[in-house]
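Structure incoming, see below.
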Amino acid sequence: HREAHRRGLARVDAGQPSRLTGRRLEMTALHASGREMPVELTITHLPDHGLFTAFIRDLTDQKRTEAALQRSQKLEVVGHLTGGIAHDFNNLLGIIAGNLELLQRSVAEDEKASKRVATALNSARRGADLTRRLLSFSRQDQGGEGKAACDVGETIVGMLEMLQRSLTRRIEVTTQVAQELWPTLINRSEFEDCLLNLAINARDAMPDGGMLVIEAGKVVITPEYRRVDPNLAAGDYVVVSVTDTGTGIPGDILDRIFEPFFTTKERGKGTGLGLSMAYGFAKRSGGHLRVYSEMGVGTTFRLYLPRLAGAVEVPMAVEEVRLPRGSETILVVDDEPHLAEIAGEFLKELGYSTIVCTDPLEALGVLEQRDDIDLLFTDVVMPRGIDGFTLEHRARDLGRRCRVVFTSGFTGYAHNRPGEASVLHRHLLIKPYGKAELARLVRDVLDDPEETDRP
């Protein structure tokens with residue numbers, strides 16, 4: 001390719017026209033780490049000086065935002081389409097059900113005919129219930145219908161007994177609700193339906209039993225968060241997480257799980273509307289629903305509900321100038337290249353020296369070659385048979401005394417590794433995270449005198 005570039009430059013330098021100069025070209029470039037990245041290239045010819053100028057702009061964040069917007073718009077279009085169909089179908093069902101009820105009285109003395117009418121009427125009512133759920137998904141407005149100030153934590157605790165009855169005895173249900181949650185403005189009944197749908201989805205993912213963990217806490221979404229998920233507006237949120245230790249969701253269908261009628265279950269085992277209803281509730285509430293899943297490990301659904309405007313409390317937001325900084329060397333490990341890159345950028349902006357790896361084997365190689373790593377910041381669930389815990393143990397075997405901070409979007413992983421649970425809960429940064437959360441936890445772990453630098 002280099003010889004072709006030289007020939008092309010020579011032609012332009014000789015005064016021949018070129019399709020490349022003076023235009024903005026999108027192409028794929030090779031990052032220093034070896035991964036491919038989308039870029040915009042602009043080439044300008046300065047013939048009087050015999051020079052060419054080239055400007056290259058990284059489009060990674062832009063493309064990620066565009067992809068998230070496309071997924072959101074796709075679901076919005078599907079919502080409008082299903083809503084229109086469901087509305088018309090509901091009217092037809094109303095006519096059918098009404099006439100069947102009238103007919104039911106006319107054939108009351110004919111036992112055989114009565115049974116047939118009753119069967120048809122029950123089917124019409126089931127159809128009406130189905131269209132009601134479709135209409136629920138399609139209502140994307142954030143109006144005040146049925147909304148009131150709600151204590152999400154209290155609602156979760158009140159639902160615990162019902163949730164346990166809805167699941168099998170082989171599934172252990174635990175809750176972790178933070179104190180003094182902010183109030184939210186939501187339809188409480190719809191929130192209960194949403195939580196029940198997520199719990200039932202988790203149950204179906206654990207046919208042999210497992211653990212279901214429901215958590216509620218507070219989070220401040222900063223502008224940095226939006227680089228990870230542009231669907232989340234900056235602000236204060238109550239976050240409800242539903243985590244299972246089930247089979248996980250394949251990566252190739254993650255973008256489709258909120259579509260109405262999309263299901264991987266056997267015919268007759270589900271309508272494919274549970275998750276779409278949960279997504280619709282999140283959007284109507286002005287929030288968002290994210291999913292994080294690892295095959296063979298489990299899944300976490302994270303429901304973001306905006307804090308009720310006017311709720312008085314000392315702001316949690318941390319100003320950029322107050323963020324704790326440092327100069328230590330940090331090894332960042334995450335098999336998702338974009339997240340690894342963002343974490344590395346955050347830490348560099350905070351003054352740290354960083355080494356970014358997207359492969360646990362590559363990170364192990366760095367640990368073998370260097371003994372100046374002060375902190376290992378690693379994803380928990382990774383491929384190649386080396387998870388975050390294993391990477392930490394390998395570092396200890398090598399005699400490395402670095403501190404460790406874990407990150408994961410799947411909060412239930414420690415339940416499969418009971419011996420690691422206490423360490424994970426103390427040093428876990430939940431995805432997605434902003435610079436403020438990363439800065440505080442990293443500095444806390446580095447400065448904690450009780451943290452042992454044990455080999």
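Derivation of every value follows stated rules applied to the coordinates shown; laboratory data play no part. Note that the structure is a prediction, hence the values are computed from the model and not measured. Cβ coordinates were reconstructed from backbone atoms using ideal geometry, including for glycine residues, and neighbour counts include every protein chain displayed.
Give, in nm to one decimal, the length gained when the segment between Glu111 and Arg396 is fully stretched (0.36 nm per residue of separation minus the Cα-Cα distance).
Fully extending the segment from Glu111 to Arg396 adds 94.8 nm.
If we sort 174-181, 293-300 on the protection proxy, mean other Cβ atoms within 10 Å, highest first, what's the order?
Highest-to-lowest ranking by the protection proxy: 293-300, 174-181.
Say the cut-off is 20 Å between C-alpha atoms; which of Lys63/Lys283; Lys63/Lys348; Lys348/Lys435; Lys218/Lys435; Lys63/Lys218 go over it?
Over 20 Å apart, Cα to Cα: Lys63/Lys283; Lys63/Lys348; Lys63/Lys218.
While we're on this one: Rank-order 189-197, 322-330 by packing density, defined as the average count of other C-beta atoms within 10 Å over each peptide's residues, highest first.
Packing order, densest peptide first, comes out as 189-197, 322-330.
Considering all projection directions equally, how large on average is the shadow of the alpha-carbon convex hull of region 153-193, in square nanometres? Could the numbers behind the result be given before it?
Working: hull surface 13.2 nm².
Average of the hull's projected areas for region 153-193 equals 3.3 nm².
If Rh is defined by the Kirkwood formula over all Cα pairs and Rg also comes from Cα, what ratio Rg/Rh do you get for region 148-306?
Checking Rg against Rh, the ratio lands at 0.94.
For region 320-380, would you read off the P(r) tail past 20 Å as a percentage of all alpha carbon pairs?
23
How far is it, in nm, from the label point at Gln176 to the one at Arg322 when both lie 7 Å from their Cα along the line to the Cβ?
2.6
Using R₀ = 30 Å, calculate the FRET efficiency as 1/(1 + (r/R₀)^6) where r is the Cβ-Cβ separation of Ile355 and Glu40; round to 0.05.
0.60
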